[in-house]
Each structure stands twice: as C-alpha cells, then as structure tokens.
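Chemist: Below is one structure. I have some questions about it.
The values are calculated or read from the model by the stated rules, or taken from the named source; none is laboratory data. Because the structure is a prediction, the values reported are computed rather than measured. Here the Cβ positions follow ideal geometry from the backbone for every residue, glycine too, while neighbour counts run over all protein chains shown. Just the protein is used for accessible areas: all its heavy atoms, side chains included, with ligands, DNA and RNA removed. Shrake-Rupley method; radii C 1.70, N 1.55, O 1.52, S 1.80 Å.
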Amino acid sequence: MIRMRNIRILLKNIRDGLKNVVRNFSLSLASISCITVTLLIVSVALIGSLNVENFTKIIKDDFTIVTYIKTDVDKDGEAKIKSSIQSLDNIESITFDSKHEIAKRMKKESEIFNEIISSWSEEENPLYDTYLVKVVDSSKISQTANNIKKIEGIQMVKYGEGMIDSLISIFNILEKILIVIVISLIVVTAFLIVNTIKITIFSRQEEIEIKRLVGASNFSIKQPFVIEGLFIGIIGSIIPVVATIYGYSFLYEKTGGVIFSQFIRLIKPYPFTFILSGLLIGIGIIVGMFGSSRAVRKYLKI
C-alpha cells in the first residue's frame, strides 16, 4: 500500500512538473536556452576532445620502426637480424620489405621515380631491404629503436622521431584543454541555471506556502521542482542532440572522414553520435535537476 501510494505521488509530481514547465514556459525558456547553448558548446568540445584522442591513438597504433639492413648482409644474416629483433622486449610484429618491392611502389608514386628506377638493374638498386617493426608500447619506442640499432648488420633505424613525439604532445595538450572547457561549461551552466530557476521559484512562493500549510514534507515540496528541472534539461538538449547527429554526419560525409592526412581520421558517425547524444541528454537532465534542487533548498531554505 505504501509503495503504491509513493508511486501515485511520483506520477502526480511528474505530471505537475510537466504542467509547470508548460504553464511557466516564458520563465522556463531562460533555463532551457541556457542549457541549449551550453550543450551545443559542450558537444563541439566533446567531439573535438574525442577525435583528438582518436588521432593520438591512430598515430600510436601506426608507429613503425623502419629498420634498414646493410647491403652486404645475405639471407642468413637477415634471418639472424629478425631473430635478434624478435628477442627484444616491446616487439609486436616484424614484416620484411625488400628493396625490390620498395622500388615497385616508388615507381607507381611518380612518373619521375618510374623513369629513374626503370633504368636500374637489380644489382644497381641502391635501396635497402628493411624490416618494419611494430611495437607494443609506443611510449617506449625510442628505447626499442636504440636497442635495434645495436644489432649487427643494421644500417640505420627511423621511426619519425621528434616530429611524432611533438605531434602527440600537441594532441595531448589540446585534449586536456578541451576536457577542462567541457567541465567548466557544465559547472557554469549549473550555476546559471540555479539563478535562473530561482526567479521561477520565487514567483511561485504562494504555491509553496500552501503546501507547507497543509503539512507537505520538504521532499514532497522539492520533488515537483526537481522533476520540472528534469524536463527543462530534456527540452534544452533536443537542439544540441539534433545538431550533433546531423552536423557531425554532414562533416564526416564532406571530408570523407579524413582531415589533412590519413593520420587525422574522424571517428565514424554511428554509433558515436548516438552515444554522444545520450551523454548530452544525461548532462542536461543532471544539470536541470541539480539547478532546481539547489534553487529550492538554498534560496527558499526548505
């Protein structure tokens, strides 16, 4: 019986909360607009932050140590080099790339390369046979490259040192900045909504006083306002959700999912935008409910 009574009260408060949003829409509009604008900015910041994280992951996953083998090393020597590399720590995989295959690829890249390389005989090919080495932990790639250099028969080792490290550092800093922006926006929004909803609640003090006089508990007085904040959060998140799904899908389609280079690839729209939309709705609901709860408790001292 008590449970049924509580359910009826909750359903009534949900109905009252929705009615209050409609009845006081002109006042609620300020809170809804505040949530809408903030969630749009939060959406852009989250899309930026998550894609920057994706860029960094792609670069790290694509880390390859190109190991050039000396021209006087025979097949047995190459096998020993491969075995020595495999015995090192932090090695994920090793792929052999012959100088003949490298020459074929270069010929396809440019007519000039094709003309020059076509004039070489197999013995005149000045390129090096290579081992392409993938590492397990990209943060230890420098140490791994130095260990490979020490192996007998290795001419040189390259992995984009310096440039790659700088690029990842920039992405990491940018990602942290965007995360701080997102958190700051949510906090500021919660503060603004507390003050905005406070105006709405002050205009309804008579309603609250009547509830007090009939013996309503603090919880039963606050609950409709908190539910009202929930609906404000949901309504305020509608435009950001639509803009996120269709806006990001449009961007992905126009760019082909690639910005500037194959390293900077965007996350595929689905299910990414749906997950992000759910997060935006969740933020809107939490901020709306929190703002209403704080306004009732702090400013009306219930």
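Chemist: For residues that are surrounded by 18 or more Cβ atoms within 10 Å (Cβ to Cβ) and touching a residue at least 24 places away in the same chain (Cβ under 8 Å), scanning just the range 246-264, find the one that is farthest from Val42 (Cα to Cα).
Modeler: Narrowing the range 246-264 to residues surrounded by 18 or more Cβ atoms within 10 Å (Cβ to Cβ): 248, 252, 264.
With the extra rule that they be touching a residue at least 24 places away in the same chain (Cβ under 8 Å), the set shrinks to 248, 264.
Values: Tyr248: 14, Ile264: 22 Å.
Step by step, filter the range 246-264, then rank; the result is Ile264.
Chemist: Looking at the range 58-96, which of the residues that are touching a residue at least 24 places away in the same chain (Cβ under 8 Å) and in a loop (DSSP other than H, G, I, E, B) is farthest from Gly257 (Cα to Cα)?
Modeler: Once the filter is applied, the top-ranked residue is Val73.
Chemist: Also, quick follow-up: Take the residues in the range 97-108 that are of a type outside the set (A, V, I, L, M) and part of a helix (DSSP H, G or I), then tell me which one is most open to solvent (accessible area, probe 1.4 Å).
Modeler: Lys108
Chemist: Let me ask something else about it. Under 9 Å between Cβ atoms, at least 6 apart or on separate chains: pull out the pairs that start in the range 168-182 with a residue that is in a helix (DSSP H, G or I) and end on any residue that is surrounded by 13 or more Cβ atoms within 10 Å (Cβ to Cβ) and of a type in the set (Lys, Arg).
Modeler: Ile168/Lys60
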